[in-house]
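Worksheet: the structure to be examined is printed underneath.
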Amino acid sequence: MVKLLTLSSVLAGTVFAADAGVKSPAFVAVEVLEVVDAEDGFAVLLLQKEAAVVLPIFIGPAEANAIKQRLEKSRPPRPMTHDLLEDVITAMGAKLVRVEIDDLKANTFLGRLVLEQRKKVTTLDARPSDSIALALGLGAPILVAQPVLDRAGMPLKGKKAPKKHPVPETL
């Protein structure tokens, strides 16, 4: 059994997903701060405003480009893979309900897409970088499991969430 999120629970920053009556880890809403150059590629920085914590996720160049395009609200003349998947989801009458980054194993973040079509909820395993690009393109919330944020998040210096998109001084 999957408990659907309510708008108020997402806006409050903490939500719970129930599975067979057992509480799963709490999830918190994050937003994409920006994509930055990293030593071996790129990192997408996710900001959890209430706690003033940044979660860096290291990604490849194609995913970095897809996320940057969505942040800039631009689309190439011909669809790239993420654009195509967005179009398929929409054309099939489905909705991306949310993206969950739910675990961190062997320095690899794990994620899921939660889709709804005709009142049926489907959860798909997906790389967080692809999931983030889709969430930005389709306007879905991005949620991170609190234990993942606790393990890999970095506090913003000064404990104040930025108004714009600067690189946090702690990175």
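Odds and ends about this structure:
- If you go through the stretch 138-157 and keep only what is more than 30 Å from SER74 (Cβ to Cβ) and either of a type in the set (D, E, K, R) or surrounded by fewer than 20 Cβ atoms within 10 Å (Cβ to Cβ) (or both), you end up with GLN146, PRO147, ASP150, ARG151, PRO155, LYS157.
- Any hit, the stretch 126-141, residues being modelled with pLDDT of 95 or more and more than 21 Å from VAL35 (Cα to Cα): no
- Hey, ARG78 without any contact (Cβ under 8 Å) to a residue 60 or more places away in the chain, open to solvent by 60 Å² or more (accessible area, probe 1.4 Å) and in contact with a Ser or Thr (Cβ under 8 Å, 6 or more places away or on another chain) or not: no
- Subset tally (residues that are surrounded by 15 or more Cβ atoms within 10 Å (Cβ to Cβ) and either free of Cβ contacts under 8 Å to residues at least 12 places away in the same chain or not in a helix (DSSP H, G or I) (or both)) for the stretch 84-93: 0
This table checks each residue for (1) modelled with pLDDT of 95 or more; (2) within 20 Å of ASP125 (Cβ to Cβ); (3) not aliphatic (A, V, I, L, M).
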| site | (1), (2), (3) |
| --- | --- |
| GLY21 | no, no, yes |
| ALA29 | yes, no, no |
| PHE42 | yes, no, yes |
| VAL54 | yes, no, no |
| ILE67 | yes, yes, no |
| LEU71 | yes, no, no |
| VAL88 | yes, yes, no |
| ILE101 | yes, yes, no |
| ASN107 | no, yes, yes |
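One line per residue, one yes/no per condition, for (1) farther than 23 Å from ASP150 by Cα; (2) surrounded by 18 or more Cβ atoms within 10 Å (Cβ to Cβ):
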| residue | (1), (2) |
| --- | --- |
| PRO25 | no, no |
| LEU33 | no, yes |
| LYS49 | no, no |
| HIS82 | yes, yes |
| LYS95 | yes, no |
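- Selection within the stretch 52-68 - more than 13 Å from GLU31 (Cβ to Cβ) and either in contact with a Leu (Cβ under 8 Å, 6 or more places away or on another chain) or in contact (Cβ under 8 Å) with a residue 24 or more places away in the chain (or both): PRO56, ILE57, ILE59, GLY60, GLU63, ALA64, ALA66, LYS68
- Residues that are hydrophobic (A, V, I, L, M, F, W, C), touching an Asp or Glu at 6+ places or on another chain (Cβ under 7 Å) and either part of a strand (DSSP E or B) or surrounded by fewer than 21 Cβ atoms within 10 Å (Cβ to Cβ) (or both), drawn from the stretch 99-133: LEU110, VAL114
The values are calculated or read from the model by the stated rules, or taken from the named source; none is laboratory data. A quick note: this is a predicted structure, and the numbers were derived from the prediction, not measured. Neighbour counts are summed over all protein chains in view; Cβ atoms, including those assigned to glycine, are modelled from backbone coordinates with ideal geometry. In case anyone asks, the SASA skips ligands and DNA or RNA and just uses the protein heavy atoms, side chains included. Shrake-Rupley method; radii C 1.70, N 1.55, O 1.52, S 1.80 Å.
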